[in-house]
1. Look through the stretch 126-148, keep the residues that are in contact (Cβ under 8 Å) with a residue 60 or more places away in the chain and within 26 Å of the chain's Cα centre (by Cα), and return whichever of them is surrounded by the most Cβ atoms within 10 Å (Cβ to Cβ).
2. Within the stretch 270-301, can you find the residues that are farther than 17 Å from Val256 by Cβ and either of a type in the set (Phe, Trp, Tyr) or over 21 Å from the mean Cα position of the chain (by Cα) (or both)?
3. Could you tell me which of the residues Ala230, Ala244 is out of contact with any strand residue (DSSP E or B) (no Cβ under 8 Å at 6 or more places or on another chain) and either part of a loop (DSSP other than H, G, I, E, B) or of a type outside the set (D, E, K, R) (or both)?
4. Let me confirm something: among Leu22, Leu36, which residue is closer than 30 Å to Arg309 by Cβ and either out of contact with any Phe, Trp or Tyr (no Cβ under 8 Å at 6 or more places or on another chain) or in contact (Cβ under 8 Å) with a residue 60 or more places away in the chain (or both)?
5. For a quick check of your reading of the model, give me the residue pairs whose first member lies in the stretch 39-66 and is over 13 Å from Gly96 (Cβ atoms) and in a loop (DSSP other than H, G, I, E, B), whose second is modelled with pLDDT of 95 or more and among the aromatic types (Phe, Trp, Tyr), with beta-carbon atoms closer than 7 Å and at least 6 apart or on different chains.
6. Of the residues that sit in the stretch 31-75 and are charged (D, E, K, R) and surrounded by fewer than 15 Cβ atoms within 10 Å (Cβ to Cβ), which one is farthest from the chain's Cα centre (by Cα)?
7. How many residues are surrounded by fewer than 18 Cβ atoms within 10 Å (Cβ to Cβ) and either touching a Pro at 6+ places or on another chain (Cβ under 8 Å) or not in a helix (DSSP H, G or I) (or both) when one looks only at the stretch 76-91?
8. List the residue pairs whose Cβ atoms are under 9 Å apart, where the first residue sits in the stretch 302-320 and is under 18 Å from Asp177 (Cβ atoms), the second is assigned to a strand (DSSP E or B) and modelled with pLDDT under 95, and the two are 6 or more positions apart or on different chains.
Amino acid sequence: MTKELPRFGVRLAQELDPRSCLALASAAEKSGFASLWFAENPFHRGILPAVSVCAAATRRIAIGIGCVNPYQHHPTQIAMNAAALAELAPRRVRLGIGSGIGVRIERLGHRYRPLVALADAAQIIRPLMRGETASYRGSLFSAEGVTLGVRPPDPAVPLYFASMGDRSLALCGRLADGLIVSNLCPVGYSECAVGIVQEHAAAAGRKPLDIVQYVPCAARPDREEARRLAKGAIGAMLTAFWPAGDDWPPLRETIVRHSGVPRAEFAAALDRLRGGAPAEHVLDDRFIAAFVVAGTAEDCLAQATRYRRAGVGELALSFAGTQPERDMAYFAGALR
């Protein structure tokens, strides 16, 4: 791996059942990928069964929980699960926490306070993963005199935040070991986010954080086929996760500014996608450049250098289409 390229991992979506995850985990390790990352959002399949079976079935590849939220998993429970996973996969587990999707968290009866949730969770998880007693009374989550009844992993499992807004990124720099940058984040946004995280880590006297970014990947020998797949992946994410209506949160406005697509054109594309128009007819090359790596394997590697220059240390790739194992092997062949 050259200095111009990040590490490459594989992101396994929550839509995959545990058996499918196991097959892809074995293929990813065989192909030489550095890591597996498992994403969880409220009200879909829980990821811990898939994480556990993949941890037990692999030997080398890093296992990333990326991520769980403390509203559904109390911080003490997060630490308990991370410690048990570290027994299955010593020195391979990486733990990511996030605040969850606000509208879904509020459906559980919680007041959504993302910064407080992350700060409270970190202050409880950290000592537990070091084998210490957690005595912390937070605004949302607390632990009074709690110690894990299992020997903590050595070294302690690194803690990542899934942060996006400026204040959350600053908190990540002060408290976490790494940052997870979500899908639908252009390289320009990532560069700004990395700058905020590393600035606040340095101000707190901490070493630079590891940066992982989730990016969809469409890698095929047929470049045009790959680009069609990429547009489909982008269209599915935009319709699933972008807010409805025209009043977008400031963070979404920031992402659009970095995308290279004027806001009016971005909004028009969303309207057409939600109206049922095929993504390959709606989205142009600007959306591909902003949100995915796509094309031949060599094209994908060339595009990945942009993320490395932005300060991203690892790309966790979600392989689009119906043949992810074959596409993973094809991509990995170019790396070798």
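The values are calculated or read from the model by the stated rules, or taken from the named source; none is laboratory data. All of these numbers come straight from a predicted model, not from anything done at the bench. Quick reminder, even Gly has a Cβ in these numbers, built from the backbone with ideal geometry, and neighbours come from all protein chains shown.
1. Phe141
2. The answer is Gly275, Gly276, Ala277, Pro278, Ala279, Glu280, His281, Gly295, Thr296, Ala297, Glu298, Asp299.
3. After applying the criteria, what remains is Ala244.
4. Checking each option against the conditions leaves just Leu36.
5. Correct list of pairs: Ile61/Phe33.
6. Taking the candidates together, the pick is Arg59.
7. Total satisfying the criteria: 3.
8. Ala316/Gly66
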